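Working notes, beginning with the structure itself.
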Amino acid sequence: MKTIRRGALLLAAALLSIGCRRPQERPAPPAQAAALRVAHATGPIKPDGEANEPDWNAIATRTGHFVDARGQEAIPYSEARFMWDATNLYVYLYAADNDILAHVKQHDGPVWIDDAFALHIRPATADGGVGPTYSFDVNPAGTVTDARVAPGGKPDVSWESGIKLGVDLDGTLNDSTGQDDEEWVIEAAIPLASMGLAAAPGTRFYVDVGRCDTPRRTKERRCGAWGTPGAQKLLELGP
Amino acid sequence: MKYLHAFLVAAAAAVVVVACAGTGNETSSGTAGSTASSTTTTVESVASSSSSTAATSSSTSASSSSGMPGVIKPTGGTLDTLSFAVVGDTRPPNEDDTGGYPTGVITKIWQDVEAASPRPAFAITTGDYQYANPYGVQSKPQLTAYLTARQAFSNIVFPVMGNHECTGYTASNCGPGNTDGITTNYTNFMSMMLGPLGATAPYYSFEVNGTNGAWTAKFLMVACNAWDQTQAQWLDGELAKATTYTFVVRHEGVDATTAPCVTPMTSILSSHPLTLLIAGHTHTFEFDAQGRQMIVGNGGAPLSGHLNYGYVIASQQPNGTITYNEYDYMTNQVVLNYNLSK
(Lines give C-alpha, C1' and ligand atoms only; values in the text may rest on other atoms or scores of the structure.)
Protein backbone atom coordinates (compact mmCIF):
# COMPACT_ATOMS: atom_id res chain seq x y z
CA MET A 1 0.00 0.00 0.00
CA LYS A 2 2.87 2.29 0.85
CA THR A 3 4.28 1.72 -2.61
CA ILE A 4 0.92 2.46 -4.17
CA ARG A 5 0.61 5.68 -2.21
CA ARG A 6 4.04 6.73 -3.27
CA GLY A 7 3.24 5.82 -6.82
CA ALA A 8 0.06 7.82 -6.62
CA LEU A 9 1.98 10.77 -5.26
CA LEU A 10 4.43 10.56 -8.08
CA LEU A 11 1.58 10.18 -10.53
CA ALA A 12 -0.13 13.19 -9.08
CA ALA A 13 3.10 15.11 -9.36
CA ALA A 14 3.50 13.97 -12.94
CA LEU A 15 -0.06 14.94 -13.78
CA LEU A 16 0.46 18.24 -12.08
CA SER A 17 3.43 18.74 -14.27
CA ILE A 18 1.31 18.06 -17.32
CA GLY A 19 -1.65 20.03 -16.08
CA CYS A 20 0.44 22.98 -15.15
CA ARG A 21 2.39 22.73 -18.37
CA ARG A 22 5.66 22.24 -16.64
CA PRO A 23 8.79 22.43 -18.72
CA GLN A 24 9.87 18.85 -19.15
CA GLU A 25 7.21 18.15 -21.72
CA ARG A 26 8.17 21.03 -23.95
CA PRO A 27 10.77 20.94 -26.67
CA ALA A 28 13.85 22.83 -25.74
CA PRO A 29 14.34 26.20 -27.34
CA PRO A 30 17.70 26.50 -29.09
CA ALA A 31 20.48 27.34 -26.67
CA GLN A 32 21.70 30.03 -29.03
CA ALA A 33 18.65 32.16 -28.27
CA ALA A 34 19.09 35.49 -26.56
CA ALA A 35 19.54 34.97 -22.85
CA LEU A 36 18.75 37.14 -19.88
CA ARG A 37 21.88 37.82 -17.87
CA VAL A 38 21.89 36.87 -14.19
CA ALA A 39 23.93 39.29 -12.14
CA HIS A 40 26.83 38.11 -10.00
CA ALA A 41 26.36 39.15 -6.40
CA THR A 42 28.86 41.74 -5.22
CA GLY A 43 28.83 40.48 -1.64
CA PRO A 44 27.61 37.66 0.54
CA ILE A 45 23.94 36.73 0.35
CA LYS A 46 22.40 35.29 3.50
CA PRO A 47 19.29 33.33 2.56
CA ASP A 48 17.31 34.37 5.62
CA GLY A 49 14.21 35.77 3.92
CA GLU A 50 15.03 39.36 4.77
CA ALA A 51 16.48 40.05 1.32
CA ASN A 52 18.14 43.11 2.77
CA GLU A 53 21.35 42.81 0.77
CA PRO A 54 21.48 45.88 -1.49
CA ASP A 55 22.18 43.67 -4.50
CA TRP A 56 18.60 42.39 -4.49
CA ASN A 57 17.35 45.87 -5.32
CA ALA A 58 20.33 47.14 -7.25
CA ILE A 59 21.46 44.43 -9.65
CA ALA A 60 19.35 41.29 -9.33
CA THR A 61 17.66 40.00 -12.47
CA ARG A 62 13.90 40.54 -12.08
CA THR A 63 10.95 38.80 -13.57
CA GLY A 64 8.66 41.72 -12.86
CA HIS A 65 4.98 41.24 -12.26
CA PHE A 66 3.83 37.66 -12.88
CA VAL A 67 1.00 37.37 -15.37
CA ASP A 68 -2.02 35.13 -15.52
CA ALA A 69 -3.10 32.81 -18.30
CA ARG A 70 -4.66 35.76 -20.15
CA GLY A 71 -1.37 37.62 -20.11
CA GLN A 72 -2.69 40.19 -17.64
CA GLU A 73 -0.89 41.09 -14.46
CA ALA A 74 -1.66 38.31 -12.01
CA ILE A 75 -3.42 39.20 -8.79
CA PRO A 76 -2.20 38.66 -6.13
CA TYR A 77 1.16 40.10 -7.08
CA SER A 78 4.21 37.85 -7.35
CA GLU A 79 7.72 38.28 -8.67
CA ALA A 80 11.10 36.55 -8.63
CA ARG A 81 14.69 37.75 -8.74
CA PHE A 82 17.94 35.92 -9.44
CA MET A 83 21.64 36.31 -8.65
CA TRP A 84 24.60 33.97 -8.44
CA ASP A 85 28.06 33.55 -6.96
CA ALA A 86 30.81 30.94 -6.97
CA THR A 87 28.56 28.41 -5.27
CA ASN A 88 24.89 29.20 -5.53
CA LEU A 89 22.06 30.44 -7.62
CA TYR A 90 20.17 32.84 -5.38
CA VAL A 91 16.45 33.19 -5.80
CA TYR A 92 14.13 35.77 -4.27
CA LEU A 93 10.43 34.95 -4.43
CA TYR A 94 7.93 37.62 -3.41
CA ALA A 95 4.26 36.90 -2.78
CA ALA A 96 1.65 39.47 -1.83
CA ASP A 97 -0.88 37.49 0.15
CA ASN A 98 -3.85 38.49 2.28
CA ASP A 99 -4.20 35.00 3.74
CA ILE A 100 -0.93 33.13 4.09
CA LEU A 101 -1.67 29.42 4.04
CA ALA A 102 0.74 26.49 4.29
CA HIS A 103 -0.22 23.19 5.81
CA VAL A 104 2.37 20.90 4.22
CA LYS A 105 5.32 20.72 6.58
CA GLN A 106 6.96 17.53 5.37
CA HIS A 107 9.95 17.84 3.08
CA ASP A 108 9.13 16.51 -0.39
CA GLY A 109 5.43 16.57 0.46
CA PRO A 110 2.67 17.94 -1.82
CA VAL A 111 3.70 21.56 -1.30
CA TRP A 112 1.83 22.69 -4.40
CA ILE A 113 -1.55 22.35 -2.71
CA ASP A 114 -0.61 25.29 -0.45
CA ASP A 115 0.08 28.89 -1.37
CA ALA A 116 3.30 28.04 -3.15
CA PHE A 117 5.87 28.88 -5.77
CA ALA A 118 6.97 26.36 -8.38
CA LEU A 119 10.41 26.89 -9.87
CA HIS A 120 11.87 24.72 -12.62
CA ILE A 121 15.44 24.87 -13.82
CA ARG A 122 16.86 22.96 -16.75
CA PRO A 123 20.48 23.23 -17.84
CA ALA A 124 20.86 24.26 -21.45
CA THR A 125 22.89 22.01 -23.65
CA ALA A 126 24.97 23.32 -26.50
CA ASP A 127 22.99 21.35 -29.06
CA GLY A 128 19.61 22.37 -27.68
CA GLY A 129 18.94 18.88 -26.44
CA VAL A 130 16.69 18.00 -23.58
CA GLY A 131 18.30 17.51 -20.19
CA PRO A 132 16.88 16.86 -16.76
CA THR A 133 14.68 19.40 -15.07
CA TYR A 134 15.15 20.33 -11.46
CA SER A 135 11.95 21.38 -9.76
CA PHE A 136 11.43 23.25 -6.52
CA ASP A 137 8.07 23.78 -4.89
CA VAL A 138 8.14 25.94 -1.79
CA ASN A 139 5.44 27.24 0.51
CA PRO A 140 5.41 30.04 3.10
CA ALA A 141 6.16 27.54 5.86
CA GLY A 142 9.51 27.04 4.15
CA THR A 143 8.70 23.49 3.13
CA VAL A 144 10.47 22.43 -0.03
CA THR A 145 9.84 19.63 -2.44
CA ASP A 146 12.79 19.33 -4.75
CA ALA A 147 12.88 16.76 -7.48
CA ARG A 148 14.88 15.75 -10.50
CA VAL A 149 12.91 14.89 -13.59
CA ALA A 150 14.73 13.04 -16.32
CA PRO A 151 13.48 13.60 -19.89
CA GLY A 152 10.32 11.60 -20.24
CA GLY A 153 10.67 10.35 -16.69
CA LYS A 154 8.92 10.79 -13.42
CA PRO A 155 9.87 13.24 -10.71
CA ASP A 156 12.51 11.75 -8.46
CA VAL A 157 11.96 13.33 -5.08
CA SER A 158 14.84 11.37 -3.59
CA TRP A 159 17.11 13.86 -5.29
CA GLU A 160 18.29 16.50 -2.89
CA SER A 161 19.39 19.88 -4.12
CA GLY A 162 20.99 21.14 -0.95
CA ILE A 163 18.79 24.23 -1.12
CA LYS A 164 18.95 26.59 1.83
CA LEU A 165 16.25 29.13 2.34
CA GLY A 166 14.73 31.60 4.71
CA VAL A 167 11.17 32.85 4.89
CA ASP A 168 9.99 36.28 5.92
CA LEU A 169 6.31 36.37 6.78
CA ASP A 170 4.49 39.66 7.07
CA GLY A 171 1.41 38.14 8.58
CA THR A 172 0.33 35.07 10.47
CA LEU A 173 0.53 31.61 8.96
CA ASN A 174 -2.80 29.78 8.66
CA ASP A 175 -4.86 32.44 10.42
CA SER A 176 -7.65 33.53 8.12
CA THR A 177 -9.46 35.62 10.71
CA GLY A 178 -7.33 38.75 10.68
CA GLN A 179 -6.20 41.40 8.23
CA ASP A 180 -2.57 41.28 9.25
CA ASP A 181 -1.38 39.22 6.32
CA GLU A 182 0.40 41.24 3.65
CA GLU A 183 3.15 39.22 2.04
CA TRP A 184 5.80 36.53 2.31
CA VAL A 185 9.26 36.28 0.87
CA ILE A 186 11.48 33.30 0.14
CA GLU A 187 15.21 33.91 -0.15
CA ALA A 188 16.95 30.76 -1.33
CA ALA A 189 20.43 29.54 -2.20
CA ILE A 190 20.53 26.58 -4.58
CA PRO A 191 23.93 24.98 -5.16
CA LEU A 192 24.69 25.30 -8.86
CA ALA A 193 26.65 22.07 -8.86
CA SER A 194 23.63 20.10 -7.68
CA MET A 195 21.99 20.90 -11.00
CA GLY A 196 25.10 20.24 -13.04
CA LEU A 197 25.60 23.93 -13.68
CA ALA A 198 29.07 25.38 -13.83
CA ALA A 199 29.53 28.39 -11.60
CA ALA A 200 31.02 30.42 -14.40
CA PRO A 201 29.97 33.27 -16.64
CA GLY A 202 28.24 32.02 -19.73
CA THR A 203 26.51 29.07 -18.09
CA ARG A 204 23.01 28.88 -19.49
CA PHE A 205 19.83 27.32 -18.17
CA TYR A 206 16.10 27.53 -18.67
CA VAL A 207 13.77 28.72 -15.96
CA ASP A 208 10.07 28.88 -15.43
CA VAL A 209 8.55 30.07 -12.22
CA GLY A 210 4.97 30.51 -11.11
CA ARG A 211 2.87 30.80 -8.01
CA CYS A 212 -0.64 29.81 -6.97
CA ASP A 213 -2.63 31.27 -4.11
CA THR A 214 -6.00 31.09 -2.45
CA PRO A 215 -6.99 34.64 -1.43
CA ARG A 216 -8.81 35.36 1.80
CA ARG A 217 -12.53 34.61 1.92
CA THR A 218 -12.35 32.67 -1.32
CA LYS A 219 -11.78 29.11 -2.37
CA GLU A 220 -10.60 30.25 -5.75
CA ARG A 221 -7.15 29.19 -6.88
CA ARG A 222 -5.34 32.07 -8.56
CA CYS A 223 -2.09 31.50 -10.37
CA GLY A 224 0.50 33.60 -12.11
CA ALA A 225 3.81 32.98 -13.78
CA TRP A 226 6.78 34.68 -15.34
CA GLY A 227 5.46 35.14 -18.82
CA THR A 228 3.29 32.48 -20.35
CA PRO A 229 2.70 29.78 -17.73
CA GLY A 230 5.14 26.94 -18.34
CA ALA A 231 7.12 28.87 -20.89
CA GLN A 232 10.82 28.75 -20.23
CA LYS A 233 13.16 31.70 -20.10
CA LEU A 234 16.77 31.31 -21.02
CA LEU A 235 19.10 32.73 -18.40
CA GLU A 236 22.87 33.11 -18.52
CA LEU A 237 25.21 33.67 -15.64
CA GLY A 238 26.70 37.09 -16.18
CA PRO A 239 30.24 38.27 -15.48
CA MET B 1 -6.45 -3.20 -5.97
CA LYS B 2 -7.35 -2.30 -9.52
CA TYR B 3 -10.13 -0.06 -8.26
CA LEU B 4 -7.76 1.49 -5.82
CA HIS B 5 -5.45 2.36 -8.67
CA ALA B 6 -8.33 3.87 -10.60
CA PHE B 7 -9.38 5.88 -7.59
CA LEU B 8 -5.87 7.17 -7.05
CA VAL B 9 -5.58 8.16 -10.69
CA ALA B 10 -8.88 9.99 -10.46
CA ALA B 11 -7.79 11.66 -7.26
CA ALA B 12 -4.53 12.68 -8.83
CA ALA B 13 -6.38 14.13 -11.79
CA ALA B 14 -8.60 16.05 -9.39
CA VAL B 15 -5.53 17.44 -7.74
CA VAL B 16 -4.42 18.66 -11.12
CA VAL B 17 -7.71 20.41 -11.69
CA VAL B 18 -7.61 22.06 -8.30
CA ALA B 19 -3.98 23.04 -8.41
CA CYS B 20 -4.10 24.44 -11.90
CA ALA B 21 -7.57 25.91 -11.98
CA GLY B 22 -6.18 29.38 -12.10
CA THR B 23 -3.75 28.87 -14.90
CA GLY B 24 -5.97 28.05 -17.78
CA ASN B 25 -9.53 28.88 -17.00
CA GLU B 26 -9.19 32.09 -15.11
CA THR B 27 -12.04 34.27 -16.15
CA SER B 28 -13.35 37.52 -14.82
CA SER B 29 -14.78 37.08 -11.39
CA GLY B 30 -16.67 40.31 -11.53
CA THR B 31 -13.72 42.20 -10.26
CA ALA B 32 -10.84 43.78 -12.06
CA GLY B 33 -9.97 43.90 -15.68
CA SER B 34 -11.36 45.22 -18.84
CA THR B 35 -14.78 43.78 -18.26
CA ALA B 36 -15.19 45.85 -15.09
CA SER B 37 -18.85 45.38 -14.55
CA SER B 38 -20.62 47.45 -11.95
CA THR B 39 -22.13 45.69 -8.98
CA THR B 40 -24.41 47.76 -6.85
CA THR B 41 -25.09 47.02 -3.26
CA THR B 42 -27.42 49.38 -1.52
CA VAL B 43 -27.23 49.40 2.21
CA GLU B 44 -29.06 52.03 4.16
CA SER B 45 -29.76 52.57 7.80
CA VAL B 46 -27.62 49.65 8.76
CA ALA B 47 -26.00 50.91 11.88
CA SER B 48 -27.89 52.28 14.82
CA SER B 49 -24.97 54.54 15.57
CA SER B 50 -25.74 56.78 12.61
CA SER B 51 -28.15 58.97 14.45
CA SER B 52 -26.15 62.17 14.53
CA THR B 53 -28.65 64.71 13.34
CA ALA B 54 -28.37 67.68 15.65
CA ALA B 55 -24.99 68.83 14.52
CA THR B 56 -25.71 71.48 11.94
CA SER B 57 -25.71 74.40 14.28
CA SER B 58 -22.34 73.53 15.71
CA SER B 59 -20.70 73.62 12.32
CA THR B 60 -21.09 77.28 11.55
CA SER B 61 -17.78 78.35 12.98
CA ALA B 62 -15.89 75.87 10.87
CA SER B 63 -17.80 76.96 7.80
CA SER B 64 -17.23 80.61 8.30
CA SER B 65 -13.52 80.19 8.86
CA SER B 66 -12.85 78.04 5.85
CA GLY B 67 -12.90 80.59 3.10
CA MET B 68 -14.41 80.30 -0.35
CA PRO B 69 -17.08 77.65 -0.83
CA GLY B 70 -15.86 74.74 -2.90
CA VAL B 71 -12.25 75.16 -1.87
CA ILE B 72 -11.04 72.87 0.87
CA LYS B 73 -8.12 74.08 2.94
CA PRO B 74 -6.09 72.24 5.60
CA THR B 75 -8.71 73.15 8.20
CA GLY B 76 -11.57 72.12 5.93
CA GLY B 77 -14.15 74.20 4.12
CA THR B 78 -17.61 74.26 2.65
CA LEU B 79 -19.10 72.40 -0.28
CA ASP B 80 -22.46 72.25 -1.96
CA THR B 81 -22.16 68.46 -2.06
CA LEU B 82 -19.70 66.29 -0.19
CA SER B 83 -17.35 64.52 -2.57
CA PHE B 84 -13.92 63.12 -1.98
CA ALA B 85 -11.49 60.54 -3.30
CA VAL B 86 -9.74 57.80 -1.34
CA VAL B 87 -6.39 56.34 -2.37
CA GLY B 88 -4.30 53.94 -0.33
CA ASP B 89 -1.14 51.96 0.03
CA THR B 90 1.61 52.77 -2.43
CA ARG B 91 4.95 51.08 -1.95
CA PRO B 92 7.40 48.69 -3.58
CA PRO B 93 7.53 44.97 -2.68
CA ASN B 94 10.95 45.04 -1.07
CA GLU B 95 12.53 47.31 1.50
CA ASP B 96 14.57 50.17 0.02
CA ASP B 97 13.51 49.10 -3.47
CA THR B 98 13.11 52.64 -4.69
CA GLY B 99 13.73 51.50 -8.25
CA GLY B 100 10.68 49.30 -7.93
CA TYR B 101 8.44 52.08 -6.64
CA PRO B 102 5.03 51.86 -8.36
CA THR B 103 5.35 55.31 -9.87
CA GLY B 104 3.39 54.44 -12.98
CA VAL B 105 0.43 53.07 -11.07
CA ILE B 106 0.13 55.89 -8.58
CA THR B 107 0.65 58.54 -11.24
CA LYS B 108 -2.18 57.06 -13.29
CA ILE B 109 -4.42 56.87 -10.24
CA TRP B 110 -3.95 60.53 -9.42
CA GLN B 111 -4.44 61.48 -13.05
CA ASP B 112 -7.69 59.50 -12.99
CA VAL B 113 -8.87 61.26 -9.85
CA GLU B 114 -8.01 64.61 -11.35
CA ALA B 115 -9.97 63.76 -14.50
CA ALA B 116 -13.04 62.57 -12.61
CA SER B 117 -16.13 64.60 -13.32
CA PRO B 118 -16.99 66.25 -11.08
CA ARG B 119 -13.49 66.40 -9.69
CA PRO B 120 -13.46 65.44 -5.99
CA ALA B 121 -13.00 68.49 -3.81
CA PHE B 122 -10.30 66.74 -1.82
CA ALA B 123 -8.71 63.36 -1.30
CA ILE B 124 -7.71 61.29 1.66
CA THR B 125 -4.98 58.68 1.62
CA THR B 126 -4.82 55.66 3.89
CA GLY B 127 -1.09 55.33 4.58
CA ASP B 128 2.03 53.40 3.49
CA TYR B 129 3.70 55.63 0.94
CA GLN B 130 7.10 53.98 1.30
CA TYR B 131 8.92 50.77 2.12
CA ALA B 132 12.24 51.94 3.40
CA ASN B 133 14.67 50.96 6.09
CA PRO B 134 13.32 53.01 9.00
CA TYR B 135 16.78 54.41 9.67
CA GLY B 136 18.08 54.44 6.11
CA VAL B 137 18.13 56.89 3.23
CA GLN B 138 15.45 55.61 0.85
CA SER B 139 12.45 57.12 2.62
CA LYS B 140 12.85 60.57 1.16
CA PRO B 141 13.24 59.51 -2.48
CA GLN B 142 10.23 57.25 -2.17
CA LEU B 143 8.06 59.95 -0.62
CA THR B 144 9.30 62.32 -3.29
CA ALA B 145 8.21 59.86 -5.95
CA TYR B 146 4.80 59.66 -4.32
CA LEU B 147 4.36 63.39 -3.97
CA THR B 148 5.48 63.95 -7.54
CA ALA B 149 2.79 61.56 -8.72
CA ARG B 150 0.25 63.19 -6.42
CA GLN B 151 0.81 66.53 -8.10
CA ALA B 152 -1.41 65.29 -10.90
CA PHE B 153 -4.32 65.97 -8.57
CA SER B 154 -4.85 69.68 -8.14
CA ASN B 155 -6.97 69.68 -4.98
CA ILE B 156 -5.89 69.17 -1.41
CA VAL B 157 -4.93 65.75 -0.04
CA PHE B 158 -5.16 64.65 3.58
CA PRO B 159 -2.87 61.71 4.42
CA VAL B 160 -2.87 59.36 7.38
CA MET B 161 0.19 57.53 8.60
CA GLY B 162 0.79 53.82 7.89
CA ASN B 163 2.97 51.23 9.58
CA HIS B 164 5.62 51.85 6.93
CA GLU B 165 5.79 55.44 8.11
CA CYS B 166 7.05 53.93 11.39
CA THR B 167 9.26 50.80 11.21
CA GLY B 168 7.22 48.74 8.77
CA TYR B 169 5.89 46.30 11.33
CA THR B 170 2.15 46.40 11.80
CA ALA B 171 2.67 46.46 15.55
CA SER B 172 5.17 49.29 15.43
CA ASN B 173 4.45 52.44 17.39
CA CYS B 174 6.36 55.61 16.62
CA GLY B 175 6.39 59.12 18.01
CA PRO B 176 7.89 60.74 21.07
CA GLY B 177 7.70 58.46 24.08
CA ASN B 178 6.47 55.46 22.12
CA THR B 179 8.25 52.13 21.75
CA ASP B 180 9.76 52.76 18.33
CA GLY B 181 10.46 56.43 18.82
CA ILE B 182 11.35 58.67 15.93
CA THR B 183 12.37 56.86 12.77
CA THR B 184 13.55 58.47 9.59
CA ASN B 185 10.38 57.25 7.88
CA TYR B 186 8.27 58.93 10.54
CA THR B 187 10.22 62.16 10.41
CA ASN B 188 9.96 62.36 6.63
CA PHE B 189 6.25 61.61 6.72
CA MET B 190 5.70 64.40 9.21
CA SER B 191 7.75 66.95 7.32
CA MET B 192 6.98 66.05 3.73
CA MET B 193 3.34 65.00 3.93
CA LEU B 194 1.84 66.62 7.00
CA GLY B 195 4.08 69.67 7.08
CA PRO B 196 2.32 71.37 4.16
CA LEU B 197 -0.97 70.97 6.05
CA GLY B 198 0.45 72.64 9.12
CA ALA B 199 -0.10 69.53 11.25
CA THR B 200 2.33 69.22 14.13
CA ALA B 201 1.06 65.88 15.40
CA PRO B 202 0.62 62.74 13.28
CA TYR B 203 -3.12 62.87 13.93
CA TYR B 204 -5.45 65.72 13.07
CA SER B 205 -8.95 66.57 11.93
CA PHE B 206 -10.80 68.78 9.52
CA GLU B 207 -14.42 69.64 8.86
CA VAL B 208 -16.31 69.99 5.63
CA ASN B 209 -19.75 71.50 5.82
CA GLY B 210 -22.60 72.15 3.47
CA THR B 211 -22.84 75.64 2.05
CA ASN B 212 -26.54 75.58 2.79
CA GLY B 213 -25.94 74.61 6.40
CA ALA B 214 -27.88 71.40 5.96
CA TRP B 215 -25.04 69.05 6.82
CA THR B 216 -21.69 68.85 8.50
CA ALA B 217 -18.90 66.33 8.20
CA LYS B 218 -15.82 65.72 10.28
CA PHE B 219 -12.80 63.71 9.23
CA LEU B 220 -10.66 62.36 12.04
CA MET B 221 -7.25 61.32 10.77
CA VAL B 222 -5.84 58.81 13.21
CA ALA B 223 -2.17 57.82 13.45
CA CYS B 224 -2.58 54.18 14.42
CA ASN B 225 1.16 53.54 14.48
CA ALA B 226 1.83 56.57 16.67
CA TRP B 227 -0.77 55.76 19.24
CA ASP B 228 -0.74 57.07 22.79
CA GLN B 229 -3.14 58.14 25.47
CA THR B 230 -3.08 61.74 24.31
CA GLN B 231 -4.31 60.70 20.87
CA ALA B 232 -6.95 58.48 22.45
CA GLN B 233 -8.29 61.41 24.45
CA TRP B 234 -8.17 63.66 21.39
CA LEU B 235 -10.10 61.12 19.37
CA ASP B 236 -12.75 60.68 22.04
CA GLY B 237 -13.17 64.43 22.28
CA GLU B 238 -13.41 64.93 18.52
CA LEU B 239 -15.92 62.13 18.17
CA ALA B 240 -18.08 63.79 20.81
CA LYS B 241 -18.54 66.83 18.56
CA ALA B 242 -21.83 66.30 16.82
CA THR B 243 -21.81 66.31 13.01
CA THR B 244 -24.04 64.87 10.37
CA TYR B 245 -21.24 62.64 9.05
CA THR B 246 -18.30 61.22 10.94
CA PHE B 247 -15.44 59.67 9.00
CA VAL B 248 -12.58 58.10 10.88
CA VAL B 249 -9.53 57.46 8.73
CA ARG B 250 -6.61 55.31 9.79
CA HIS B 251 -4.23 52.81 8.22
CA GLU B 252 -5.19 49.49 9.76
CA GLY B 253 -8.64 47.97 9.59
CA VAL B 254 -10.53 46.48 12.49
CA ASP B 255 -9.11 42.98 12.03
CA ALA B 256 -5.48 44.11 12.08
CA THR B 257 -5.45 43.67 15.82
CA THR B 258 -1.70 43.86 16.29
CA ALA B 259 -1.69 47.53 15.30
CA PRO B 260 -1.41 49.71 18.40
CA CYS B 261 -4.68 51.62 18.01
CA VAL B 262 -7.05 48.92 16.88
CA THR B 263 -8.07 47.36 20.17
CA PRO B 264 -8.22 50.58 22.22
CA MET B 265 -10.18 52.33 19.48
CA THR B 266 -12.89 49.71 19.52
CA SER B 267 -14.40 50.99 22.72
CA ILE B 268 -13.92 54.62 21.76
CA LEU B 269 -15.69 54.20 18.44
CA SER B 270 -18.50 52.18 19.93
CA SER B 271 -19.66 55.07 22.07
CA HIS B 272 -20.02 57.60 19.25
CA PRO B 273 -21.81 57.85 15.91
CA LEU B 274 -19.73 56.67 12.96
CA THR B 275 -20.51 57.08 9.29
CA LEU B 276 -17.55 55.05 8.05
CA LEU B 277 -14.14 53.84 9.14
CA ILE B 278 -11.80 54.24 6.18
CA ALA B 279 -8.59 52.21 6.26
CA GLY B 280 -5.93 50.64 4.05
CA HIS B 281 -3.13 48.22 4.97
CA THR B 282 -4.67 45.29 3.12
CA HIS B 283 -3.67 45.72 -0.52
CA THR B 284 -7.07 45.50 -2.05
CA PHE B 285 -10.51 47.08 -1.81
CA GLU B 286 -13.08 45.79 0.65
CA PHE B 287 -16.36 47.20 1.88
CA ASP B 288 -18.13 45.96 4.99
CA ALA B 289 -21.45 47.79 5.11
CA GLN B 290 -22.60 46.21 8.33
CA GLY B 291 -19.34 46.89 10.09
CA ARG B 292 -19.13 50.33 8.46
CA GLN B 293 -15.61 49.86 7.23
CA MET B 294 -14.03 50.49 3.84
CA ILE B 295 -10.53 49.25 3.00
CA VAL B 296 -8.75 51.12 0.22
CA GLY B 297 -5.27 49.67 -0.09
CA ASN B 298 -4.90 49.09 -3.83
CA GLY B 299 -2.96 52.23 -4.68
CA GLY B 300 0.15 50.62 -6.12
CA ALA B 301 1.39 48.35 -3.33
CA PRO B 302 1.64 44.68 -4.33
CA LEU B 303 -1.93 43.51 -4.69
CA SER B 304 -2.94 40.82 -2.25
CA GLY B 305 -6.62 40.31 -2.95
CA HIS B 306 -8.32 39.79 -6.26
CA LEU B 307 -9.04 43.35 -7.44
CA ASN B 308 -6.88 45.53 -9.64
CA TYR B 309 -5.26 48.80 -8.62
CA GLY B 310 -7.80 51.54 -8.18
CA TYR B 311 -9.34 54.29 -6.12
CA VAL B 312 -12.63 55.30 -4.57
CA ILE B 313 -14.76 58.35 -5.05
CA ALA B 314 -17.34 59.07 -2.39
CA SER B 315 -20.29 61.23 -3.37
CA GLN B 316 -23.13 62.59 -1.28
CA GLN B 317 -26.56 61.87 -2.72
CA PRO B 318 -29.62 64.15 -2.57
CA ASN B 319 -31.17 61.96 0.13
CA GLY B 320 -28.08 62.36 2.30
CA THR B 321 -26.64 58.91 1.75
CA ILE B 322 -23.08 58.54 0.52
CA THR B 323 -22.19 56.49 -2.54
CA TYR B 324 -18.77 54.85 -2.66
CA ASN B 325 -17.60 53.91 -6.14
CA GLU B 326 -14.49 51.80 -6.51
CA TYR B 327 -12.80 52.36 -9.88
CA ASP B 328 -10.32 50.26 -11.81
CA TYR B 329 -7.37 52.53 -12.52
CA MET B 330 -6.88 51.33 -16.08
CA THR B 331 -10.45 51.27 -17.32
CA ASN B 332 -11.88 53.98 -15.07
CA GLN B 333 -14.94 51.79 -14.82
CA VAL B 334 -16.80 51.34 -11.55
CA VAL B 335 -15.94 47.88 -10.27
CA LEU B 336 -17.90 47.94 -7.04
CA ASN B 337 -20.50 50.35 -5.77
CA TYR B 338 -22.00 50.84 -2.33
CA ASN B 339 -24.45 53.27 -0.84
CA LEU B 340 -24.57 53.85 2.87
CA SER B 341 -26.65 56.01 5.14
CA LYS B 342 -25.09 58.69 7.27
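The values are calculated or read from the model by the stated rules, or taken from the named source; none is laboratory data. Since this is a predicted model, take the numbers as computed values, not measurements. Counting neighbours? That spans all protein chains shown, and the Cβs are built from the backbone with ideal geometry, glycine included.
Of note:
- Hits in the stretch A:45-57 (condition: more than 8 Å from chain B (Cβ to nearest Cβ) and free of Cβ contacts under 8 Å to residues at least 24 places away in the same chain): A:Glu53
- Against the list (1) at pLDDT 95 or above; (2) surrounded by 22 or more Cβ atoms within 10 Å (Cβ to Cβ), the condition B:Thr282 fails is (1).
- Test: residue in the stretch B:268-276 that is within 14 Å of chain A (Cβ to nearest Cβ) and either at pLDDT 95 or above or on the phi > 0 side of the Ramachandran plot (or both): no
- Test: residue in the stretch A:180-202 that is out of contact with any Leu (no Cβ under 8 Å at 6 or more places or on another chain), within 14 Å of another protein chain (Cβ to nearest Cβ), surrounded by fewer than 22 Cβ atoms within 10 Å (Cβ to Cβ) and without any contact (Cβ under 8 Å) to a residue 60 or more places away in the chain: no
- In the stretch A:103-126, the residue that is surrounded by the most Cβ atoms within 10 Å (Cβ to Cβ) out of those that are of a type in the set (Asp, Glu) and within 14 Å of chain B (Cβ to nearest Cβ) is A:Asp115.
- Within the stretch B:103-137, the set of residues being surrounded by fewer than 24 Cβ atoms within 10 Å (Cβ to Cβ), of a type in the set (S, T, N, Q) and assigned to a loop (DSSP other than H, G, I, E, B) comprises B:Ser117, B:Asn133.
- Among the residues listed as B:Thr246, B:Thr257, the single one being in a strand (DSSP E or B) and either touching a residue at least 60 places away in the same chain (Cβ under 8 Å) or within 26 Å of A:Gly171 (Cα to Cα) (or both): B:Thr246
- Scanning the stretch A:58-101 for residues that are part of a loop (DSSP other than H, G, I, E, B), more than 8 Å from chain B (Cβ to nearest Cβ) and within 29 Å of B:Val105 (Cβ to Cβ) returns A:Ile59, A:Ala60, A:Thr63, A:Gly64, A:His65, A:Phe66, A:Gly71, A:Ala74, A:Asp99, A:Ile100, A:Leu101.
- Qualifying residue in the stretch A:75-96 (condition: farther than 17 Å from A:Gln232 by Cβ and β-branched (Val, Ile, Thr)): yes
- Condition met for B:Gln142 (assigned to a loop (DSSP other than H, G, I, E, B), within 21 Å of the chain's Cα centre (by Cα) and polar (S, T, N, Q)): no
- The stretch A:220-239, residues that are within 13 Å of chain B (Cβ to nearest Cβ), small (Gly, Ala, Ser) and part of a loop (DSSP other than H, G, I, E, B): A:Gly227, A:Gly230, A:Ala231
- Taking the criterion of being surrounded by fewer than 17 Cβ atoms within 10 Å (Cβ to Cβ), in a loop (DSSP other than H, G, I, E, B) and more than 20 Å from the chain's Cα centre (by Cα), the residues of the stretch B:147-181 that qualify are B:Pro176, B:Gly177, B:Thr179.
- Residue satisfying condition, being hydrophobic (A, V, I, L, M, F, W, C), part of a strand (DSSP E or B) and within 15 Å of the chain's Cα centre (by Cα), within set B:Val312, B:Val335: B:Val312
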